[in-house]
Amino acid sequence: MRQSLREKAIAICDDKIAKKGEGVGLSFYAFFSNRNDQPDVLMEAAEWWIKTHQLDHFEKAVKVRALISSGK
């Protein structure tokens, strides 16, 4: 996953956790606006989420943040 997407995803996880607590879940769609204006980046996130880590549609934000922060 490219560095800019990692940074954005971590920031979004941090924001969701701060607002809703450590039990909050999210999907990779949370990293994007409702427009398909970055299809390559969206597919990169989807591949990381689905193929690489075989995550469920919704996962705990703390889990996702830990995976991203670890560089996996």
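Structure values in brief
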item: Karplus (6.51, -1.76, 1.60) ³J(HN,Hα), θ = phi - 60°, over the stretch 51-65, in Hz, Gly and Pro reported as x; result: 7, 5, 10, 6, 7, 5, 4, 10, 10, 5, 4, 5, 5, 4, 4
item: Simple spin-label estimate for Arg2 and Asp15 in nanometres, 7 Å along Cα-Cβ; result: 1.9 nm
item: Label of the coordinate-derived value, percent of Cα pairs over 21 Å apart, listed as (i) 21; (ii) 38; (iii) 16; result: (iii)
item: Full-stretch length increase - Ser27, Asp56 - with 0.36 nm per residue and alpha-carbon distance subtracted; result: 9.6 nm
item: Segments 35-44, 6-15 sorted - mean Cβ within 10 Å per residue, highest first; result: 6-15, 35-44
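The numbers here are math on the coordinates, done by the rules we state, and not lab data. Here the structure is a predicted model, which means the values were calculated and not measured. When we count neighbours, we look across all protein chains shown, and the Cβ atoms used for this are built from the backbone with ideal geometry, even at glycine.
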